[in-house]
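The structure appears right after this line, and notes come after that.
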Amino acid sequence: MAASSRVSSSPGWLLAAHCALLLALAGAARGYSPSAGAALSSAFYDQSCPGVYDVVRRVIQDARVSDPRIPASLIRLHFHDCFVNGCDGSLLLDDDLPEIQTEKHVPANNNSARGFPVVDGIKGALEEACPGIVSCADILALAAEISVELAGGPRWRVLLGRRDGTTTNVQSANNLPSPFDSLDKLQEKFRNVNLDDTDLVALQGAHTVGKVQCQFTRQNCSAGQPKGALENLDLVTPTVFDNKYYGNLLHGQAQLPSDQVMLSDTSAPTTTAPVVHRFASNQKDFFTNFVTSMIKMGNISPLTGKDGEVRKNCRRVNSRGY
């Protein structure tokens, strides 16, 4: 990928300004108010934990040597966290009954959401480098950006300063976007967190990397294939973050039903289909919009200031023991 086609080709200060501008433009053009995340800043840890980015990147790089799926899994964790209770790290909490019922066991996450030991490793490394400073919610946001970059996608300055929630929301987790959702159901779920059709198409583009169990694909499992057998989400460049995923849609070859509906649904021609065509023909356009949408998603109801806490262990709230 030529540097000129990537958002990350800009100098650091210009990239930060670019992302801030993208967020502002997203609000003006797509009805989004960034006020909920006004306290977040890409410079949040510059004084308190200046090496945070390098620590997170190092752990992910080490982890993907033995598990190439880790980048895609970490991107997904950030999605599934932000869509439930906002970006507060609630997905990372284990069962700690009766107070805490984990979100990990709902259908959208059970035996599907993965990468939790890598998050534990990142948290452990950061607790050694700067104890009690970096939240688990921010770890997920940073891990998602770094994972996109390591897979060949765009780089952006992540807005930071989230604090961790002390509760879970299993009811909301049961309503996460599903591989079998219709287009109108997907649009409703995205609108509920202030994400529009462009955000929907852009964020679904994360399916350009990673794998899925065959039981969730449009073809389902072949004869003799166990339902947990893994298939590539992108049949063309399954390990590269690029726009080939949208070409798959144009050829009717999306793996997930919830992906193909962005073209096949009767309402798609006036909503999502034009965006799919744009991204399929212009990778730079996709990258730019993906960055905008990731920033918007990362601003879903963050806990800041004195709200929440900074967990010492991402699996437990501090009051429940370390």
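The values are calculated or read from the model by the stated rules, or taken from the named source; none is laboratory data. Keep in mind it's a predicted model, so treat the numbers as computed, not measured. Cβ placement follows ideal geometry from the backbone for every residue including glycine, while neighbour counts extend to all protein chains displayed. With ligands, DNA and RNA removed, areas are computed over all heavy atoms of the protein, side chains included. Shrake-Rupley method; radii C 1.70, N 1.55, O 1.52, S 1.80 Å.
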For residues in the stretch 44-81 being of a type in the set (Gly, Ala, Ser) and touching a residue at least 60 places away in the same chain (Cβ under 8 Å), which is surrounded by the fewest Cβ atoms within 10 Å (Cβ to Cβ)?
SER48
Within the bounds of the stretch 128-146, is there any residue that is in a loop (DSSP other than H, G, I, E, B), in contact (Cβ under 8 Å) with a residue 40 or more places away in the chain, in contact with a His (Cβ under 9 Å, 6 or more places away or on another chain) and open to solvent by 10 Å² or more (accessible area, probe 1.4 Å)?
no
When the stretch 192-216 is examined, which residues are found to be without any contact (Cβ under 8 Å) to a residue 24 or more places away in the chain and open to solvent by 50 Å² or more (accessible area, probe 1.4 Å)?
ASN192, GLN215
Give all pairs with beta carbons closer than 7 Å in which a residue from the stretch 217-236 that is at negative phi and of a type in the set (A, V, I, L, M) meets a residue that is open to solvent by 60 Å² or more (accessible area, probe 1.4 Å) and in a loop (DSSP other than H, G, I, E, B); count only pairs at least 6 apart in sequence or on separate chains.
LEU235/GLN253
Mind checking which residues of the stretch 147-161 are surrounded by 24 or more Cβ atoms within 10 Å (Cβ to Cβ) and within 17 Å of SER66 (Cβ to Cβ)?
SER147
Can you tell me which residue among THR266, THR288 is out of contact with any His (no Cβ under 6 Å at 6 or more places or on another chain) and free of Cβ contacts under 8 Å to residues at least 60 places away in the same chain?
THR266
Answer yes or no: is there a residue in the stretch 70-83 that is closer than 27 Å to THR237 by Cα, part of a helix (DSSP H, G or I) and among the acidic types (Asp, Glu).
yes
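Condition first: in a loop (DSSP other than H, G, I, E, B), of a type in the set (A, V, I, L, M, F, W, C) and either surrounded by fewer than 22 Cβ atoms within 10 Å (Cβ to Cβ) or modelled with pLDDT under 95 (or both). Now tell me which residues in the stretch 90-105 satisfy that.
The initial filter retains those residues of the stretch 90-105 that are in a loop (DSSP other than H, G, I, E, B), namely 93-95, 97-99, 101-105.
Of the ones still in play, those that are also of a type in the set (A, V, I, L, M, F, W, C) are 93, 97.
LEU97 - this is the single residue of the stretch 90-105 that is in a loop (DSSP other than H, G, I, E, B), of a type in the set (A, V, I, L, M, F, W, C) and either surrounded by fewer than 22 Cβ atoms within 10 Å (Cβ to Cβ) or modelled with pLDDT under 95 (or both).
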Would you confirm whether any residue within the stretch 182-191 is acidic (Asp, Glu) and open to solvent by 60 Å² or more (accessible area, probe 1.4 Å)?
yes
Can you tell me which of (1) in contact (Cβ under 8 Å) with a residue 24 or more places away in the chain; (2) of a type outside the set (Phe, Trp, Tyr); (3) open to solvent by 10 Å² or more (accessible area, probe 1.4 Å) is the one GLN171 doesn't meet?
(1)
Taking the stretch 134-152 and the residues there that are under 13 Å from the mean Cα position of the chain (by Cα) and among the small types (Gly, Ala, Ser), the one that is farthest from CYS49 (Cα to Cα) would be SER147
If VAL261 satisfies all but one of (1) of a type outside the set (S, T, N, Q); (2) open to solvent by less than 60 Å² (accessible area, probe 1.4 Å); (3) closer than 22 Å to PRO71 by Cβ, what's the number of the condition it fails?
(3)
